[in-house]
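The values are calculated or read from the model by the stated rules, or taken from the named source; none is laboratory data. Computed from a predicted model, the values in this text were never measured in an experiment. Note that each Cβ is placed from the backbone with ideal geometry, even for glycine, and that neighbours are counted across all protein chains shown.
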Amino acid sequence: MKLLYFSKTSFIGPSSRYRIYQYIPYLRKAGIEVIVAPLFRERWFRILDLRWRPLRAIAKGLYAFMRLFVRIWDLLKVCRYDLYCFEHQAFPYIPALLERFAQKLNPNMLLEFDDAIYLTFLHKKKIPRLIRMSKHVIVGNDFLRDYVLQFNPNVTVIPTVVDTDRNKPKNHYHPHGKLNIGWVGLAYNFSYVQELAGTLRKLRREFGEFVFTVISSQGFAIDGVEAIFKRWSYDNEVKEIRSLDIGIMPLADDEWAKGKCGLKVLQYMACGVPVVASPVGVNNEIIKDGKNGFLAATDEEWLEKLWLLAQDESLRSRLGQKGRETVEKHYSLRIWGPRVARLYKSLI
C-alpha cells in the first residue's frame, strides 16, 4: 500500500509532527509506503518570527507563492498512490481548485485537521466542500468530529498523542532554586498567557518568588514577574519541559479553542509535570480535576490551584505521576501508532 501525505509543514511544525511524522515508523512497519510532501518548510517559521509586520507580510506572500508551484508539482503524483491525505487543505487562501484537480486524478482523497480551521478567513465555505469531497476525514477530537458529521458520515477521531519513550517523566519534584512555572507553544498563542498576567502577579505576592519560563521561538515579558525565555528546539524540548515544576495551558472559552487537541497538556503530563489548564474542549477529557491535574476557569481558580501546587511538593509529585499514567494508558504513540496504521489500511 502507498500513501502520499500532504502535510502543512515540515517536521518542525507541531501539527504535522504529531499528526503524521511521528507515525511514519508504525506505518512502514505495517507495510505502508508513506511519502510526506510538506507545503511549508523551516523557512516559513523563520518568516513568522520576523518582527517588522510589513516585511513579514511580504515575505510570507512571496514564499507561499513559490511553494504553490511545488505543491502543484506534488499533486501530479497522486495517481501513483492508493491513498493521499491533505492536512487541512492543499493550499490556503484559495478555493478548492487544487483538491478538485487531485480528485480527478485519484478519487481516494482523505482530509485531516486538528483545529477549527473552518472558522478562519476564506475557509468557512471551503472546508465543508473539502469534507464532502473526501473519502474519509480524520480529526483530533469529538468537537471536530461533530462538525464533520454535518457533511460526511465517514470520520474517525485520532487524538493527538505523544511518544512516551521520548518524553520521559521527571524523577524529582523539589525545585532547583526558585519554583519554575512554564508554558510551551507557538508565539502567536502568547495572548492566552498574557490573560494570566494579573494572576501570576498575585501568585508572586501570595506565594513568593518564582520564575515563569516561556519555551517558544521568542519570549515575552510580564510586568512584575521574573520571566525566562528558552528557545524551542526539538532536541531540547523534553529537557526544558522536564525542568518545569508546573505546566500551564490557559485558553479562551470559544469555538476556536474547543477545536484544539490538548498537546501542551499531554506534553507536560508525559514528562510528569503537574498541569493547570482551562476547562475548554478536550482538556476536560484529558484532565480529571484534582486527580491527574487541575482545571481552572476563573482568575480565582487559577490563583488557588497554582498556589496549591506551588506550596505542596507532594501534591506536585502525585498529580505529575498520575498525569504520566493517563498519557501511558490513553494518549501514547505506542498505543495509537498501530491503530493509525490499521485505519489507513482499512480505507483502501
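In the range 241-248, is there at least one residue being in contact (Cβ under 8 Å) with a residue 12 or more places away in the chain, farther than 22 Å from H174 by Cβ and in the same structural domain as Q194 (by TED's automatic domain parsing)? Don't jump to the end; show me each part of the working.
Of all residues in the range 241-248, those in contact (Cβ under 8 Å) with a residue 12 or more places away in the chain come to 241-248.
Then keep just the ones that are farther than 22 Å from H174 by Cβ; that gives none.
Looking through the range 241-248, none of the residues is in contact (Cβ under 8 Å) with a residue 12 or more places away in the chain, farther than 22 Å from H174 by Cβ and in the same structural domain as Q194 (by TED's automatic domain parsing).
Per-residue answers, yes or no, for (1) of a type outside the set (G, A, S); (2) closer than 21 Å to E313 by Cβ; (3) not in a loop (DSSP other than H, G, I, E, B):
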site	(1), (2), (3)
I248	yes, yes, yes
L251	yes, no, no
C261	yes, no, no
K264	yes, no, yes
Y268	yes, yes, yes
G272	no, yes, no
P279	yes, no, no
K291	yes, yes, no
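Would you kindly identify the helices (runs of 4 or more DSSP H) lying entirely within the range 1-90 that contain at least 3 residues that are of a type outside the set (F, W, Y) and buried (at least 16 other Cβ atoms within 10 Å of the Cβ)?
On the way: elements: 14-19, 24-29, 42-48, 53-75.
Qualifying helices (runs of 4 or more DSSP H): 14-19, 53-75.
For the range 205-217, check the following and say yes or no: at least one residue is more than 29 Å from H330 (Cβ to Cβ), of a type in the set (D, E), touching a residue at least 60 places away in the same chain (Cβ under 8 Å) and not in a loop (DSSP other than H, G, I, E, B).
Within the range 205-217, one or more residues are more than 29 Å from H330 (Cβ to Cβ), of a type in the set (D, E), touching a residue at least 60 places away in the same chain (Cβ under 8 Å) and not in a loop (DSSP other than H, G, I, E, B).
Any residue in the range 311-318 that is buried (at least 22 other Cβ atoms within 10 Å of the Cβ), touching a residue at least 40 places away in the same chain (Cβ under 8 Å) and in contact with a Ser or Thr (Cβ under 9 Å, 6 or more places away or on another chain)?
Taking the range 311-318 as the starting set, the residues that turn out to be buried (at least 22 other Cβ atoms within 10 Å of the Cβ) are 316.
Filter once more, so that each one left must be touching a residue at least 40 places away in the same chain (Cβ under 8 Å): 316.
If we keep only those that are in contact with a Ser or Thr (Cβ under 9 Å, 6 or more places away or on another chain) as well, we get none.
Scanning the range 311-318, I find no residue that is buried (at least 22 other Cβ atoms within 10 Å of the Cβ), touching a residue at least 40 places away in the same chain (Cβ under 8 Å) and in contact with a Ser or Thr (Cβ under 9 Å, 6 or more places away or on another chain), so the answer is no.
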